[in-house]
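The values are calculated or read from the model by the stated rules, or taken from the named source; none is laboratory data. What you see is a predicted model; the values in this text were computed from it and never measured. We place every Cβ from the backbone using ideal geometry, glycine too, and count neighbours over all the protein chains shown. Surface areas here come from the heavy atoms of the whole protein model, side chains and all, with no ligands, DNA or RNA. Shrake-Rupley method; radii C 1.70, N 1.55, O 1.52, S 1.80 Å.
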Amino acid sequence: SNGRDGDFNNDGNSKMFKMKEEEVLSLSNRAEVWLRLGAHGKAIEDADAAMASIHLLQELDRSDQQHSNVAMAKALFRKGRALMGLGRYHEALVLLHHLQHLSKDPHLFQAMATCKSRLARRGMNKRGSGPAKNLRRAGSS
């Protein structure tokens, strides 16, 4: 009887695990779709939900860290791109910076460079009545 109970529990856990893995994939892919549609807020929601499911999967099974790290990297990168789409470059840069230990994707470094240049441009525009401010006024008339 003990063996059967163990088999049932393992089978039930593996089914739940498989469903959670499919949920992660679906949420992460839907986040990408939202990004492409310009629905950045919805992309963040789905990326966050995917990450929460990944954390749960990591608690259930620590043996497949490589797979969960790849899934986490995708979800984090999609959230970072969504934050960029909302103009939240500092938040995006912090998130993408933390992602460096999971991914060496060249798109990651390109996104970080974009965040840095946008933040630098904002810093220059905020500094007051320098030439950039005067040029903007002249160009808008």
request  = Please give every one of the lysines within straight-line cross-link reach of LYS79, meaning a C-alpha to C-alpha distance under 26 Å, and leave out same-chain neighbours fewer than 8 residues apart.
outcome  = LYS18, LYS20, LYS42, LYS104, LYS116
query = Packing-wise, with mean Cβ within 10 Å as the measure, how do 71-77, 99-105 rank, highest first?
reply = 71-77, 99-105
task = Arrange the peptides 41-50, 117-126, 82-91, 15-24 so that the one whose residues have, on average, the most other Cβ atoms within 10 Å appears first.
result = 41-50, 82-91, 15-24, 117-126
remark   = Note to self: with every protein chain in place and a 1.4 Å probe, segment 71-126 gives an accessible area per residue in Å² of 57 Å²
request  = Measure off 7 Å from each Cα along the Cα-to-Cβ vector at HIS90 and LEU119, then give the distance between these two points in nanometres to one decimal.
outcome  = 0.9 nm
note = So, over other residues within a Cβ distance under 11 Å of THR114, counting Lys, Arg +1 and Asp, Glu -1, the net charge is +4
Sites ASP61 and VAL33 - FRET efficiency at Förster radius 25 Å, r taken between beta-carbons, to 0.05 = 0.35
ask   = In nm, to one decimal, how far is the LYS18 label point from the HIS98 one, both placed 7 Å along Cα→Cβ?
value = 3.3 nm
